[in-house]
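First up is the structure itself, then whatever we jot down about it.
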Amino acid sequence: MPPVFPMLTVLSMFYYMCLRRRARTATRGEMNSRRAIESNTRALPINVEIVQYAKEVLDFSSHYGSENSMSYTMWNLAGIPNVYPSSGDFTQTAVFRTYGTWWDRCPSARLPFKRTPSTFCSQDYVELAFEEPVYPTAVHILETYHPGAVVRILACSANPYSQNPPAEVRLFLYWFCDSRNPSFLLSSPAGRVGHRNNKNVVLGGVTVFYHTGYGSSTLHAVFKTEKCQLFRGNVQTVGEVRQLPTPSSFLIQLILSHLTVPDLCRLAQTCKLLYQHCCDPLQYIHLSLQPYWARINDTSLEYLQSRCTLIQWLNLSWTGNRGAISVSGFSRFLKVCGSELVRLELSCGHFLNETCLEVITEMCPNLQELNLSSCDKIPPQAFNHIAKVGSLKRLILYRTKVEQTALLSILNFCSELQHLSLGSCVMIEDYDLIASMMGAKCKKLRSLDLWRCKNITESGIAELASGCQLLEELDLGWCPTLQSSTGCFTNLARKLPNLQKLFLTANRSVCDTDIEELAANCTHLRQLDILGTRMVSPASLRKLLESCKDLSLLDVSFCSQIDNRVVLELNANFPNVFIKKSFTQ
């Protein structure tokens with residue numbers, strides 16, 4: 001099996017600040033034990049070398065841990081690391097929710113957007129703040145388990161602790177995935193690429209105390225049109241292009257369909273003919289602005305508005321933070337471009353509020369897919385508006401503040417739902433009631449994510465299994481109220497024969513009986529996570545592997561009866577299955 005590489009973006013929030021200062025005297029005491037460089041003959045700018053750890057985690061897209069704990073959460077990135085140089089799977093580290101390519105191989109996997117640049121491969125991000133402003137010279141990411149996840153680092157010009165935020169916030173690409181870049185060091189004592197990735201961050205830099213100037217740049221320049229200028233031979237023509245024999249419109253449109261959005265905007269500046277083709281709404285049926293999230297603002301949306309009147313898929317994930325997109329700017333765009341929308345991705349859109357959800361439900365009558373994961377600024381009552389979109393087939397509410405009343409209303413009116421994510425929705429009081437409503441109303445449900453729901457019991461599972469028999473994917477990871485002794489897992493195996501993915505992560509009660517029922521009834525199973533169980537033996541796993549020919553992932557991390565010898569034996573006999581076994585040392 002080829003190696004798999006988890007991908008994420010670390011947005012290191014170190015910023016630039018310039019002060020004018022003369023170097024007079026600089027002793028070690030006065031410089032707080034930092035090394036000062038000065039001349040004996042004349043005053044020079046003072047260069048101070050600083051090594052510092054992240055002071056605060058400002059934002060992130062997901063994490064493996066729960067919202068009210070420190071285990072496996074992004075908050076572990078702040079402060080001095082307490083794991084390194086040890087290696088292995090430690091709870092005191094930062095781990096993202098998804099890892100590897102397994103999430104792209106399950107029934108809930110979403111189709112990729114066209115025109116996504118090949119250089120954009122990020123799936124997650126985290127934003128860190130450092131106390132001292134510096135010119136960075138190095139960033140050390142201490143990866144203690146399965147390293148290789150970082151693909152890009154950006155530096156931000158804004159001081160998160162300033163009382164007077166700048167009018168313009170600029171982001172600078174500091175590092176991208178290139179092993180030839182010597183300014184970046186990944187300190188990795190052990191591990192294998194492709195799975196959950198534990199990390200901590202150290203920033204090294206130099207503070208230079210003197211005044212300097214920076215050239216300003218416009219973040220939305222890529223979407224800005226200029227007067228057309230064309231050179232042909234020795235003749236220069238500005239703004240006018242003679243009619244020349246041209247290929248068919250279909251051929252031009254076909255060629256342009258392979259260009260990214262910035263390339264389209266640049267090409268539109270070359271001549272009138274290509275301008276017309278580059279502005280054709282048919283080129284913007286699918287539009288993903290996530291790769292350019294740092295540049296997108298109200299002006300960008302206004303510029304694209306006339307081109308997106310036929311848009312069906314729109315991805316604004318990660319965009320609009322720090323006031324870059326306003327509620328009024330987002331609303332204006334949807335009022336013009338929302339009538340044909342079928343898919344809307346708004347993950348980590350912290351500008352979203354109740355007004356935005358109301359506009360979405362009014363302006364997008366054909367909406368079938370809505371992603372609001374990690375939109376934690378939306379107030380609980382706002383989710384009631386989603387119930388107005390009866391055509392929804394996919395709804396992602398991971399890490400949102402949706403409440404029980406609003407969710408019941410959504411389930412009641414959105415009976416076409418096929419994919420639903422409620423992972424880490426901590427404000428839902430009674431998951432048994434929610435599961436009962438799903439079983440009664442959502443008969444077409446194919447995938448359901450109940451990751452870290454705290455109060456679902458065997459009663460809710462029974463209602464769910466009886467009513468949603470088309471389920472192919474079910475995530476019950478870290479649901480502590482489910483006990484194998486009640487028969488809930490055997491009931492699932494018998495009622496849901498189409499299961500392809502089942503996560504029972506950290507359920508200590510999963511036993512041989514449950515595994516044998518899965519082997520007998522769920523022969524299409526492809527992914528199974530039973531991390532942490534103490535009651536599953538090697539014999540039952542052999543039965544499962546012999547029965548489920550399509551199985552590709554089996555996570556037996558921290559399963560006390562499954563040691564390394566057993567894993568090696570199973571790997572030898574079933575080479576097509578990746579058997580994951582975590583360790584600490």
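Structure notes:
- Charge context of S540, other residues only, Cβ under 12 angstrom, K/R +1, D/E -1: -3
- Centroid-to-centroid separation of segment 540-565 and segment 265-286 [C-alpha atoms, Å]: 53
- Taking a point 7 Å from the Cα of K454 along the Cα-to-Cβ direction, the residues of segment 350-386 with backbone N closer than 18 Å to it are 380.
- Inter-site label distance for Q305 and V336 at 7 Å from Cα along Cβ, in nm: 0.4
- Between segment 341-356 and segment 411-433, the alpha-carbon center distance in angstrom: 18
- Karplus-derived HN-Hα couplings along segment 274-284 (A = 6.51, B = -1.76, C = 1.60, θ = phi - 60°), whole Hz, x at Gly and Pro: 5, 4, 4, 6, 5, 9, 5, x, 5, 7, 10
- Taken about its Cα centre, segment 284-428 carries a charge dipole of about 220 debye when Lys and Arg each add +1 at the Cβ and Asp and Glu each add -1 at the Cβ.
- Distant-in-sequence amide H partners of F578 (H built 1.01 Å from N, under 5 Å): L553, L554
- Solvent exposure, largest accessible area first (probe 1.4 Å, DNA, RNA and ligands not counted), of V342, V336: V336, V342
- Relative contact order (%) - criterion: Cα under 8 Å, at least six apart; region: segment 450-584: 19
- Magnitude of the charge dipole for segment 450-584, about its Cα centre and with charges confined to Cβ atoms of Lys, Arg (+1) and Asp, Glu (-1), is about 220 debye.
- Placed amide H near T137: partners under 5 Å, 5+ positions off or other chain: G204, G205, V206
- The distance between label points at V327 and E354 comes to 0.9 nm (points 7 Å beyond Cα on the Cα→Cβ vector).
- Couplings 3J(HN,Hα) for segment 490-498, derived from phi with the Karplus relation 6.51 cos²θ - 1.76 cosθ + 1.60 (θ = phi - 60°), are 5, 5, 4, 4, 7, 8, 10, x, 8 Hz, where x marks Gly and Pro.
- DSSP-loop chymotrypsin sites (Phe, Trp or Tyr not before Pro) across segment 506-585, with at most 14 other Cβ within 10 angstrom: F583
- Hits among lysines - C-alpha to C-alpha of K272 under 22 Å, sequence gap 8 or more where chains match: K224, K227
- Candidates L357, G320, V336 compared by Cα position along the dipole of segment 284-428: farthest toward the positive end lies G320, with charges placed on Cβ.
- For the pair D430 and K377, label points projected 7 Å from Cα toward Cβ lie 3.4 nm apart.
- Extension gain for N498-N576 works out to 26.0 nm (0.36 nm per residue, less the C-alpha to C-alpha distance).
- Potential lengthening of the chain between R534 and F413 amounts to 39.4 nm, from the contour at 0.36 nm per residue minus the alpha-carbon distance.
- Shown is the FRET efficiency for E362 and Y135, computed with R0 = 51 Å from the Cβ-Cβ distance and rounded to the nearest 0.05: 0.60.
- Anchor K393: aspartates and glutamates whose Cα lies under 13 Å away (excluding residues fewer than 8 positions away in-chain): E369, E416
- Estimated FRET transfer efficiency when R0 is 45 angstrom, pair S71-L282 (beta carbons, to 0.05): 0.35
- Anchor K401: aspartates and glutamates whose Cα lies under 13 Å away (excluding residues fewer than 8 positions away in-chain): E67, E354, D376, E429
- Pairs of Lys in segment 450-584 closer than 27 Å at Cα, counting only those 8 or more apart or on different chains: 14
- Charge tally in the Cβ shell below 13 Å around D432, where Lys, Arg are +1 and Asp, Glu are -1, D432 excluded: -3
- Cleavage-rule hits (trypsin sites (Lys or Arg not before Pro)) in segment 240-334: DSSP loop, at most 12 neighbouring Cβ within 10 angstrom: R242
- The residue list L474, F503, L518 was ranked by how far each Cα lies along the charge dipole of segment 450-584 toward its positive end, using unit charges on Cβ atoms, and F503 comes out on top.
- Charge tally in the Cβ shell below 13 Å around T513, where Lys, Arg are +1 and Asp, Glu are -1, T513 excluded: -2
The values are calculated or read from the model by the stated rules, or taken from the named source; none is laboratory data. Not measured: the values here are computed from a predicted model. Neighbour counts run over all protein chains shown; Cβ positions are idealised from the backbone, glycine included. Only protein heavy atoms, including side chains, enter the accessible area calculation; ligands, DNA and RNA are left aside. Shrake-Rupley method; radii C 1.70, N 1.55, O 1.52, S 1.80 Å.
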